[in-house]
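For reference, the structure is listed below as C-alpha cells.
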Amino acid sequence: MKTYLVGGAVRDRLLGIEHSESDWVVVGTTPEQMLADNFRPVGKDFPVFLHPDTHEEYALARTERKTAPGYHGFNFHAAPDVTLKQDLKRRDLTINAIAKDEAGDLIDPYGGVADLEARVLRHVSEAFAEDPVRVLRVARFAARLHAFDFTVAEETQALMRQMVEAGEVDALIPERVWAETHKALSEDKPSVYFEVLRSCGALDKLFPEIDRLWGVPQPERWHPEIDTGVHTMMVLDQAAKLTGDVQVRFATLVHDLGKGTTPSDVLPSHHGHEKRSVKLVKGLSQRLRVPNHYRDLAVIVAEYHGHYHRIADMKASTIVRTLTSLDAFRRPERFAQFLLACEADARGRTGYEDELPVQTAQMQACFDAAREVDVQPLIKGLQGKAVKIAIDDARAEAIAALGLRES
C-alpha cells in the first residue's frame, strides 16, 4: 500500500499558490482494508474515503471505461493491481496528473511539470474526449490561471471542438454546467472562461443567449468598444475587480442579453432591450437551474440598469418608483449589489475602465434621502392608496431637494 498526493495540491504548490484541500491516491489496497484502517467511505461511483483524522479524501487508484454518452456513462475499476500511472492517465490535464510520493519526490509520467513551466493547459490522453465536463474544466482552469499566462494547447482546443461537434456537450446536465460556471465566475478573470468556451463552439451550445452578443454593434458614442460581446466581457471583468460577490458578477454577465435579439434594421440602437433581457435572463436561469436569488438580482439589473445611467435626467417621482421597483427600502443590501453591477456596466467600456461613475453616488444619495423621510406623521389618518401616495410624494420631495437635474 502506497499513498500519493495528487492533483490540485501538487499543481498549486509548484505554482506557489495557496491551496485549502489535499487529495490522495492509494495504490495497492482494497476497500476492505481502508475500512479496517478506520477510513470512512464517501464515494458512490468509485471508492473514495475520508481520513479518520484529517478528513481529507483518499481515493483508490482506478481506471475507467466509457460505456455511454455524457459524463455519467463510465465504468470504474479499482483494484490493488491498478498502478499510479494508470490512475493519472485518466485525469484531464497534464498539470493535474502530477503526483508526489511520501518521500516528496514527484511522479510525472505525462509531462505536467514541463507544461506548468510552459504555462500550457494540455489534455493527458485521448480519453479526455470521453467526458464533456472537461470542456468546462479547461475553460475554468484557463480563467483561474490567467494571471500566470496559461493558454490552452492547440491540440486540446482542437479536441474540444471535436467534442462539441460530436454533440458530447449536449449531454451535460444543467446542474453541472451551472456548478462549473459558478466556480468560473468566482475567478479573478471570469471572462476567459466564456472566451475559451466560445473558441471551441461550446458557448453557442450552452449559453446561446451570450454567444449571440458578439458581432452586435452598439452606438460608438456610448460604447467605443462597439461590439456587445466585447462589452459584456469587459463588464464582467470590471465586476470581478469591484467585488467577489458572484451574484453581482452573474448579473453583469446577463444584463444585456436583449441586445442579441435587436432587429438588424434598427442597429446600433437597442431601444427596449431591457425588457427583452429580462425574459432571456429568466429563460437562461430556468434552463440552467440558477438559484433564485441569483436570478432575481440579474432580472432587476437587466431591467433597471438604464435608470442608473440616466439618474440625473429622471424626475424625482420616477426615481422613487424605480427605488420601489428595486425593493430598495426593504432590501438595501440587494440595492447595494445593484449599484455595483451598474458601476461595472459603466466602467466596462473602452476608455472608461478607471473612471468612477457619478451615477453611483447620485443614486445612493437619492436612496438615502428617500429613506430618511419619516413616514409615520405622513400617514396618520390615511388609508389604502392614500398612504402610498403620501409616502411617495414626500420621498420625491426629498430627492428633488438634492438638485440632481441641475447638476
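Go over the candidates Thr322, Thr318 one by one and state the one that is in contact with a His (Cβ under 6 Å, 6 or more places away or on another chain), of a type outside the set (Gly, Ala, Ser) and under 22 Å from Ala365 (Cβ atoms).
Thr322
If the condition is being over 19 Å from Asp393 (Cβ atoms) and either buried (at least 18 other Cβ atoms within 10 Å of the Cβ) or not assigned by TED's automatic domain parsing to the domain that holds Arg331 (or both), then region 363-377 contributes only Met363. Per the conditions (1) basic (Lys, Arg); (2) within 22 Å of Leu339 (Cβ to Cβ); (3) surrounded by 16 or more Cβ atoms within 10 Å (Cβ to Cβ), the sole criterion not satisfied by Lys275 is (3). What number of residues within region 43-84 satisfy the criterion of being at pLDDT below 65 and in contact with a Lys or Arg (Cβ under 9 Å, 6 or more places away or on another chain)? Qualifying residue count for the region: 4.
Looking at region 234-253, can you tell me whether even one residue there is over 20 Å from Lys282 (Cα atoms), among the aromatic types (Phe, Trp, Tyr), out of contact with any Cys (no Cβ under 6 Å at 6 or more places or on another chain) and not assigned by TED's automatic domain parsing to the domain that holds Ala143? Looking through region 234-253, none of the residues is over 20 Å from Lys282 (Cα atoms), among the aromatic types (Phe, Trp, Tyr), out of contact with any Cys (no Cβ under 6 Å at 6 or more places or on another chain) and not assigned by TED's automatic domain parsing to the domain that holds Ala143.
Of the helices (runs of 4 or more DSSP H) that lie entirely inside region 161-214, those containing 2 or more residues that are of a type in the set (Asp, Glu) span 174-185, 208-211. Could you check region 117-158 and list, in sequence order, the residues that are within 17 Å of Val169 (Cβ to Cβ) and not in a helix (DSSP H, G or I)? Those that are within 17 Å of Val169 (Cβ to Cβ) and not in a helix (DSSP H, G or I): His123, Asp131, Pro132, Val152.
For region 191-198, does any single residue satisfy the condition of being in contact (Cβ under 8 Å) with a residue 12 or more places away in the chain and either under 30 Å from Lys2 (Cα atoms) or assigned by TED's automatic domain parsing to the domain that holds Asp87 (or both)?
No - not one qualifying residue is present in region 191-198.
Comparison of Thr29, Thr63 shows that the only residue that is in the same structural domain as Pro80 (by TED's automatic domain parsing), assigned to a strand (DSSP E or B) and crowded, with 16+ Cβ neighbours inside 10 Å is Thr63. Check whether at least one residue in region 341-352 is loosely packed, with under 15 Cβ neighbours inside 10 Å, more than 20 Å from Ala312 (Cα to Cα) and either of a type outside the set (A, V, I, L, M, F, W, C) or at pLDDT below 95 (or both), and report yes or no. Yes, the conditions are met somewhere in region 341-352.
The values are calculated or read from the model by the stated rules, or taken from the named source; none is laboratory data. Remember, it's a predicted structure, so these values are computed and weren't measured experimentally. Cβ atoms come from the backbone with ideal geometry, glycine included; neighbour counts cover every protein chain shown.
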